[in-house]
Amino acid sequence: MNETLVQLRKELHKYPELSGEEYTTAKRITEFVKKLNPKDIITNVGGAGVAVVYEFDNGGPTVVIRCELDALPIQEANTFEHKSKNSGVSHKCGHDGHMTIVAGLVTWLTNATINQGKVILLFQPAEETGKGAAKVLEDTRLTNFKPDYVFALHNLPGFKKHTISVKSGYFTATVQSMSINLKGKKAHASEPENGVNPALAVAELIQVLSSFVQPNSECKDFALLTPIYINLVGKNYGISAEDAELHYTIRTWSGEVMTELEGKIKKAVNDISGQYRLTFDMEWFEFFPASKNNKECVALVEKVAKQQNLELVENPSSLKFGEDFGWFSQHYKSAIFGLGAGENQPVLHHSNYDFPDELIASGIQMFKGLITEILGK
């Protein structure tokens, strides 16, 4: 195991930063890679992002290898020496490991005997909010390279360590979050008939929205509506409530099903609000387009996994979580694949998750193999 990379991973784990605030993390990455004199380091890409550029001779394709800089607003439960020093923030999605894998390509690329093309190592900000990739794609310093291929990986607890899972088509879901704010009329709790209390509307909305769920992930019209926050505003027992707030996260495979579902939700909110004499407003945020893997890129991932003697997961299912890598798949030939993190690991976003350091080597193997396969030796 490369101890320099393990130390980098633990350092990144110690000092996590939230989406949009990853400037110190980006500086750590820049300091690490600049010692090996890449052709160019582009900073502040789409915010705090960093792009490390390697150019070889004779034209050829451009390959982007992407990872994420941000952490989550979760208090770490672990007590090991490299636990998070930033209260309420921690790397519970394994982005510290993803960054380390991509940074680990630097030494190899510096000495690689590749005869054509370009490689861009992209350290992307703000994945967890769904905003980072879209902002990166607005940065002409990256898009002017006209990438031919974009690859990424995500560690997957619950899968045997070092296994590779990939599939054509939807690999991660389309995800959209929303809030519904209902407004009635305040009254004395002893005279609720003089006000407009939104409680019954909330109860009916919960029932109606639950009827839109199609939990079978094998179905084309798969739809998951998860209640995140529901509240009747206020705890004054002499007052009949006036306001209510509901938050949901919605998951589908295709954008078309998501659009159809949004229309059904808007109609239900409008109808029920009218029935109970309420006014309302809705807000839609944290959108993650589905990561739709390109067939050619999937074939490359499968070929490289076999070359590296890494076990392929047969017939993997699409993943129900959101990943803003989907923005890249809308513009370029791309694929994101899973790297098994162990069958008995805590799940992603759990307070005691920690990226297994032994995955660093297999992640580097995969990306080296993909670059070599596309650009040649």
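The values are calculated or read from the model by the stated rules, or taken from the named source; none is laboratory data. From a predicted model like this one, the values you see are computed outputs, not experimental measurements. Virtual Cβ from ideal backbone geometry, glycine too; neighbours counted across all protein chains shown. SASA here: full protein model, heavy atoms, side chains in, ligands and nucleic acids out. Shrake-Rupley method; radii C 1.70, N 1.55, O 1.52, S 1.80 Å.
Exactly one residue out of Glu138, Glu127 is over 13 Å from the mean Cα position of the chain (by Cα) and either open to solvent by less than 20 Å² (accessible area, probe 1.4 Å) or among the charged types (D, E, K, R) (or both), and it is Glu138.
Annotation: Ala199 fulfils all but one of (1) of a type outside the set (Val, Ile, Thr); (2) over 14 Å from Ile250 (Cβ atoms); (3) open to solvent by less than 50 Å² (accessible area, probe 1.4 Å); (4) in contact (Cβ under 8 Å) with a residue 60 or more places away in the chain; the unmet one is (4). Annotation note: Cβ proximity below 6 Å between a residue of segment 340-355 that is farther than 13 Å from Asp96 by Cβ and a residue that is charged (D, E, K, R) and open to solvent by 40 Å² or more (accessible area, probe 1.4 Å) (sequence gap 6+ or interchain) occurs for Gly340/Lys160; Gly340/Lys161; Gly342/Lys161; Glu343/Lys160. Just wondering, is there one or more residues in segment 169-186 that are of a type in the set (Gly, Ala, Ser) and more than 30 Å from the chain's Cα centre (by Cα)? Yes: segment 169-186 contains one or more residues that are of a type in the set (Gly, Ala, Ser) and more than 30 Å from the chain's Cα centre (by Cα). The residues of segment 22-67 that are of a type in the set (A, V, I, L, M) and either free of Cβ contacts under 8 Å to residues at least 40 places away in the same chain or touching a His at 6+ places or on another chain (Cβ under 8 Å) (or both) amount to a single one, Ile41. Residues in segment 315-369 that are more than 22 Å from Ala133 (Cα to Cα) and among the basic types (Lys, Arg): Lys368 alone. Do we have Ala244 as modelled with pLDDT of 95 or more, open to solvent by less than 40 Å² (accessible area, probe 1.4 Å) and closer than 21 Å to Val196 by Cα here? Yes, satisfied. Cβ separations smaller than 8 Å between residues 6+ apart or across chains give the following pairs from segment 93-113 residues that are touching a residue at least 40 places away in the same chain (Cβ under 8 Å) and of a type in the set (D, E, K, R) to residues that are in a helix (DSSP H, G or I) and open to solvent by less than 10 Å² (accessible area, probe 1.4 Å): Asp96/Arg9; Asp96/Leu12; Asp96/His13.
Here is a yes/no grid of residues against (1) part of a strand (DSSP E or B); (2) at pLDDT 95 or above; (3) open to solvent by 10 Å² or more (accessible area, probe 1.4 Å); (4) farther than 24 Å from Pro356 by Cα:
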| position | (1), (2), (3), (4) |
| --- | --- |
| Gly20 | no, yes, yes, yes |
| Pro38 | no, no, yes, yes |
| Ile41 | yes, yes, yes, yes |
| Gly59 | no, no, yes, yes |
| Glu76 | no, yes, yes, no |
| Thr100 | no, yes, no, no |
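Given the structure, is Thr259 surrounded by fewer than 18 Cβ atoms within 10 Å (Cβ to Cβ), hydroxyl-bearing (Ser, Thr, Tyr) and over 29 Å from Phe367 (Cβ atoms)? Yes; evaluated as a whole, the condition is true for this residue.
When Asn231, Asn236, Asn270, Asn216 are checked against the criterion of being of a type in the set (S, T, N, Q) and assigned to a helix (DSSP H, G or I), a single residue qualifies: Asn270. For segment 208-236, the candidate set comprises residues that are exposed (fewer than 12 other Cβ atoms within 10 Å of the Cβ) and more than 24 Å from Phe321 (Cα to Cα); within that set, the residue that is farthest from the chain's Cα centre (by Cα) is Asn236.
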